[in-house]
1. Bins of 5 Å, beginning at zero and ending with the bin holding the largest distance: percent of Cα pairs per bin for segment 11-93, please.
2. What three numbers, in Å, describe the spread of the alpha carbons of segment 1-152 along their principal axes, ordered from the longest?
3. May I ask you to rank 50, 171, 79 by accessible area, largest first, using a 1.4 Å probe over the protein chains only?
4. Can you give the accessible area per residue of the chain, in Å², using a 1.4 Å probe?
5. Return the carbon/sulfur percentage of the accessible area of segment 1-157, one whole number, probe 1.4 Å, all protein chains in place.
6. Thinking of segment 1-45 as a set of Cα atoms, what percent of all their pairs are more than 18 Å apart?
7. Using 1/(1 + (r/R0)^6) with R0 = 22 angstrom and r between the beta carbons of residue 41 and residue 18, what's the FRET efficiency to the nearest 0.05?
8. Any idea of residue 45's accessible area? Nearest 10 Å², probe 1.4 Å.
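The values are calculated or read from the model by the stated rules, or taken from the named source; none is laboratory data. Only a predicted model underlies this, so the values are computations on that prediction, with no experimental measurement involved. Here the Cβ positions follow ideal geometry from the backbone for every residue, glycine too, while neighbour counts run over all protein chains shown. When the accessible area is computed, the model is the full protein with side chains, heavy atoms only, and any ligands, DNA or RNA have been set aside. Shrake-Rupley method; radii C 1.70, N 1.55, O 1.52, S 1.80 Å.
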Amino acid sequence: WFLNTLYVASCTCVIGTLLVILTGYVMSRFRFKGRDALFFLVLVLMLLPFQVTMAPSVMTLRALGILNTPWAVILPMWFSPFYLFLVRQFMLGLPNEILEAGQMDGAGTFRCLWQVVLPVCRPIIGASVALSFADCWNLVEQPLIYLTDSSQQPLSVMFNQINTDSADVAFAGAALYILPMLLVYLYFQDDILLGVQLSELK
């Protein structure tokens, strides 16, 4: 169960963060037809609770043939409207002179993103990574609906089934459950605090 949780959270967090960075960069730095409408849809998705999108998600995952597999939980979590909103709004506040200076030095689109934008956006990206990992680590509703095999369930779902008569087993399960989140928070602590402060300033 612990390995299932670690696998789902890691795959979701790594690929989801990459997609959020690329999408936020495109939606903040490039002008194209329908950009504002697309961002409005992102805001609408951010406001919709999981219960509203649950039935369409189940039908889509069944059509793709990945229902009752770990990818049924991982794939929908790759797109996170809230973290996309945070990163996009932060990138909008970056001065255009920074990118213009990089372009004058011969940097292309991806080089500007890698060497100019990402170092400046590290606090908000670090905060997004930590909070996204916490969301994935504590998933309950999605695994209960998308996964029927108990061997594929994460620890967040199966934790209440640990035998409470054995105190040592229950304590070991609690330690395993909280340790990864504690380490992630300690690693990204400065980024979380700075990212919250910068978001408030903006």
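1. Whole-percent P(r) values from 0 Å outward: 3, 14, 21, 21, 19, 13, 7, 2, 0.
2. Cα extents, longest axis first: 56, 33, 23 Å.
3. Result, largest first: 171, 79, 50.
4. 59
5. Result for segment 1-157: 68 percent of the exposed heavy-atom area is carbon or sulfur.
6. So the portion of pairs separated by more than 18 Å is 46 percent.
7. So the FRET efficiency works out to roughly 0.60.
8. Surface accessible to solvent at residue 45 totals approximately 80 Å².
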